[in-house]
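Report on the structure given below.
The values are calculated or read from the model by the stated rules, or taken from the named source; none is laboratory data. All figures in this text were calculated on a predicted structure; none of them were measured in a lab. Glycine gets a Cβ as well: all are built from the backbone with ideal geometry, and neighbour counts include every protein chain shown. Protein only, heavy atoms only, side chains kept; ligands, DNA and RNA dropped before computing areas. Shrake-Rupley method; radii C 1.70, N 1.55, O 1.52, S 1.80 Å.
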Amino acid sequence: MKTLEQTVAQHREQWAVRSRAQQQLEIENNEAVARLYGLEDEVPSHVPLERVSLTNNSAFRWPNKTPEERDALFTESAIVDLVSYAIGCIFGRYSLDEPGLILADQGGTLQDYLARIPSPAFMPDADNVIPFVDDGWFEDDVVEGFRKFLKVAFGVEHFEENLRFVEESLGVKTLRDYFITKSGKSKFYDDHRKRYKNRPIYWMFSSPKGSFNALIYLHRYTPSTVSTVLNEYLREYENKLQKALERAEVAAAGGSSAKDQKEADRLRKVLAELRDYEHDVLYPLATQQVQIDLDDGVKVNYPKFYPAVQKIAGLDAGDE
C-alpha cells in the first residue's frame, strides 16, 4: 500500500495532467473559432494555465504563487479534505466500503448504516457524539477516531509516517492541535464552516470558554442527542476533571511544586465554567427535547440550540 504522501503526490500530478489537457482543449477551441471568423492573426488563442478554471488546478487556485508554493498548498488542501472525509466516515455520512452518501436522511441511525454496509471496514461512532477536548480524556475522541481511520484507510504499516505527513501538511505540531487548541479553538471547525459557507452539517456544542466541545452530525440528530452530550460526555468529563483536581490538590498540599498549585487553580476554573454551562445551558436544553426539521435548513434549526453551540455569524436567532 502506498504512503499517504505518495497518494497525495499522485493525486496532484493527475490534476496537473487534467489541467494541461483542459488548457489544450481551450486553446484548440479558441483557434477553431478564430479560423471560422478569419481572425487567426488578430485574436490570441493561447489560454494561460492560470485561467483554466478547474477546482483543483493549482495554477488557477493560486495564480500568484510559485510552483513549489502551489504544491504545498495543494497538499494542505488535500489533507484538509481528507480530514473532512474522515469525520464523515466517523459519523457514518460516508463509508470506506461504498462511494457516495450513506447516512444523509433525517434521524439516520447506526442500524440504518449497517443495513447498507453490513461488515464495514471502519465502524462509525455509535452515539453521534465526538468529544473535542484538549488532553484526550475520552477513548472515542476525535483524535483517536481519526487515528483509527488512518490505519484502516492507509494501512497500519505506514501509520506513523502517514500521521507525521498529516501533521506537517496541516502545519501543526500534533494532530490534536488541528482539532482543538488549549484555548478551545478548532481549526477543523473553522474549515468545516467555510466548506459549508456557515451552514455546517456538523454542530459543535461548546462551553463559553471552549473547555468542553462535542461535535454531532445534524442528519443523525434526535431529540435525545443533547442528553447524550450532557450525560455521557459533559458530566463524565467533569467527573474526570474533579478526580484530576483532587490529585493536584494533594500534590500541592505536599508542597512538591508550584506547578501542582497552578494546575489545581486551572482545573477549578475549568470546572466552574463547565458546571455553569451544565446548569444554565445544557441541562435546560436537554429537558426541552428539541425537535428539528431538516427541510427548514440550518439557518432555522441552528439558533434553537444557542447558546449551547458555537456562535456562527449569520445564524443568530432573528437574522434575516
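Which condition does residue 111 not pass, out of (1) open to solvent by 50 Å² or more (accessible area, probe 1.4 Å); (2) at pLDDT below 95, if it passes all the others?
Of the numbered conditions (1) open to solvent by 50 Å² or more (accessible area, probe 1.4 Å); (2) at pLDDT below 95, the odd one out for residue 111 is (2).
Checking residue 312 against (1) closer than 23 Å to residue 134 by Cα; (2) among the β-branched types (Val, Ile, Thr); (3) surrounded by fewer than 15 Cβ atoms within 10 Å (Cβ to Cβ), which test does it fail?
Here residue 312 meets the rest and fails (3).
Does residue 53 fit the bill of being surrounded by 13 or more Cβ atoms within 10 Å (Cβ to Cβ) and among the hydroxyl-bearing types (Ser, Thr, Tyr)?
Spelling it out, it is not the case that residue 53 is surrounded by 13 or more Cβ atoms within 10 Å (Cβ to Cβ) and among the hydroxyl-bearing types (Ser, Thr, Tyr).
Take the residues in the range 8-43 that are of a type outside the set (Asp, Glu), outside any helix (DSSP H, G or I) and without any contact (Cβ under 8 Å) to a residue 12 or more places away in the chain, then tell me which one is surrounded by the most Cβ atoms within 10 Å (Cβ to Cβ).
That would be 39.
Name the residue, out of 120, 99, 124, that is touching an Asp or Glu at 6+ places or on another chain (Cβ under 7 Å) and either open to solvent by 70 Å² or more (accessible area, probe 1.4 Å) or not hydrophobic (A, V, I, L, M, F, W, C) (or both).
Criteria check complete, one pass: 120.
So which helices (runs of 4 or more DSSP H) stay within the range 46-158 end to end and still have 3 or more residues that are in contact with a Phe, Trp or Tyr (Cβ under 7 Å, 6 or more places away or on another chain)?
Those helices (runs of 4 or more DSSP H) span 67-91, 142-154.
Count, please, the residues in the range 219-240 that happen to be buried (at least 21 other Cβ atoms within 10 Å of the Cβ) and in a helix (DSSP H, G or I).
8
Give the residues of the range 1-35 that are hydrophobic (A, V, I, L, M, F, W, C) and either in contact with a His (Cβ under 8 Å, 6 or more places away or on another chain) or under 13 Å from residue 52 (Cβ atoms) (or both), sorted by residue number.
1, 4, 15, 16, 17, 21, 25, 27
Quick check on this structure: which one of 299, 243 is part of a helix (DSSP H, G or I) and over 26 Å from the mean Cα position of the chain (by Cα)?
Going through 299, 243 in turn, just one is part of a helix (DSSP H, G or I) and over 26 Å from the mean Cα position of the chain (by Cα): 243.
Among the candidates 293, 280, which residue alone is out of contact with any helix residue (DSSP H, G or I) (no Cβ under 8 Å at 6 or more places or on another chain) and among the charged types (D, E, K, R)?
Just a single option satisfies the conditions, and that option is 280.
Restricting the first residue to the range 196-216 and requiring it to be at positive phi, which pairs with a second residue that is open to solvent by 10 Å² or more (accessible area, probe 1.4 Å) and part of a loop (DSSP other than H, G, I, E, B) meet a Cβ separation below 6 Å and a spacing of at least six or different chains?
Close Cβ pairs satisfying both conditions: 198/314.
Looking only at the range 127-142, which residues are out of contact with any Asp or Glu (no Cβ under 9 Å at 6 or more places or on another chain) and open to solvent by 10 Å² or more (accessible area, probe 1.4 Å)?
134, 135, 139
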